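Remarks on the structure that follows.
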Amino acid sequence: MSRAPRLVMTEKTVVKSDTPRLMRVEVEKTRRAGRIGKDSGLFRVPEVLDYDDGKGVAVFERIPGLRTLRRGVAWGPEYVDLGGRLGTALAVVHRELNLPADMVVPLPEGFAAEGPDVFLHGDLGVENVGLIPGSSAPVILDWQFTGVHGGEATHGSRFFDVVWFVNTLIWFPTMSHLFGDPVGPVARAFIGSYFRTAGVGWDGEAMAGYAERFFEIKRPERRRMSRRQRVFIPRCQALTRRFIRSLRSGLR
């Protein structure tokens, strides 16, 4: 079931309100991920400026000049380069992020996979990653699991975060999708750098199988796309199939 927290933005802050239980987890994840970002120098996370645990209200830093991938970064070399740096950052998050035992919530049924589980970002997409002037380190926002799938999970297959990001590259389409494949180079840079940094053996067949299952679960959502977006559906489906084939062929 889709659910959305309440957001209020000012010039310097983002105030987010949600169920106290969910906000408690998001604030903890944000703080811990922020420390990983500072220690590694690989990415930046908005600071938690204030938090009311009883009301489920958190005040986050609003980073000036932030350009999200969806609205402020054009397809091309900059995007590919950022994809590579984001893959490295995500691998470090999966390696170092930990949460208390009472905050371990498994992925929804259907998104699990064999292999060691990790703590997840949970909504790593083109609206939650961006750049700021004068810095090459990506900014990673919104450390709550996607509301489209309940907003609660914190722990599960590393494939989820990886495929979720590529899903948003494909299914937040632009005109460039109709005339080429802008997604492929970014996805290859992202996944390649992720697995090099994670030190995890590459199993293209396992990941392709996961991606097929993932996109099948997401299929019903496509019927809810706006009339303007529906023109992109055949092309997005083709890019989805191309992405899955690339996993099986070693990202070529």
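Side notes on the structure shown:
- Cut-off 14 Å between beta-carbons: net charge of the residues surrounding THR197, Lys and Arg +1, Asp and Glu -1: +2
- Most to least packed among 69-76, 227-234, 204-211 [average Cβ atoms within 10 Å]: 204-211, 69-76, 227-234
- Euclidean distance between Cα centres, the range 106-170 to the range 3-38, Å: 15
- Assuming charge only on the beta carbon of Lys and Arg (+1) and of Asp and Glu (-1), the dipole of the chain about its Cα centre is about 1040 debye to the nearest 20.
- Compactness of the range 92-170 as Cα Rg over 2.2 N^0.38 Å, two decimals: 1.12
- Rule-of-thumb Rg ratio for the range 7-139 [Cα; 2.2 N^0.38 Å; N residues]: 1.10
- Of VAL126, VAL14, VAL45, the one that fluctuates the most in a GNM where the chain has Cα springs shorter than 10 Å: VAL14
- About the Cα centre, charge dipole magnitude for the range 93-178 (Lys/Arg +1, Asp/Glu -1 at Cβ), debye: 280
- Of the solvent-accessible surface of the range 202-252, computed with a 1.4 Å probe and all protein chains present, 50% belongs to carbon and sulfur.
- Across the range 98-230, the volume of the C-alpha convex hull divided among the residues equals 145 Å³ per residue.
- For the chain, the mean residue ellipticity at 222 nm estimated from helices alone is -14000 deg cm²/dmol, where every DSSP H run of n ≥ 4 contributes -39500 (n - 2.57) and the total is divided by all residues, rounded to the nearest 500.
- The three principal axes of the C-alpha atoms in the range 166-252 carry coordinate ranges of 43, 25, 19 Å, sorted with the longest axis first.
- Per residue, the chain exposes 48 Å² of accessible surface when a 1.4 Å probe is rolled over the protein heavy atoms with every protein chain present.
- Sites ARG71 and SER40 - FRET efficiency at Förster radius 25 Å, r taken between beta-carbons, to 0.05: 0.40
- Square roots of 5 times each gyration tensor eigenvalue, C-alpha, the chain, largest first, Å: 27, 20, 19
The values are calculated or read from the model by the stated rules, or taken from the named source; none is laboratory data. Quick caveat, the model's predicted, so the values are computed rather than measured. As a convention, Cβ positions derive from the backbone with ideal geometry for all residues, glycine included, and neighbour counts pool all protein chains shown. With ligands, DNA and RNA removed, areas are computed over all heavy atoms of the protein, side chains included. Shrake-Rupley method; radii C 1.70, N 1.55, O 1.52, S 1.80 Å.
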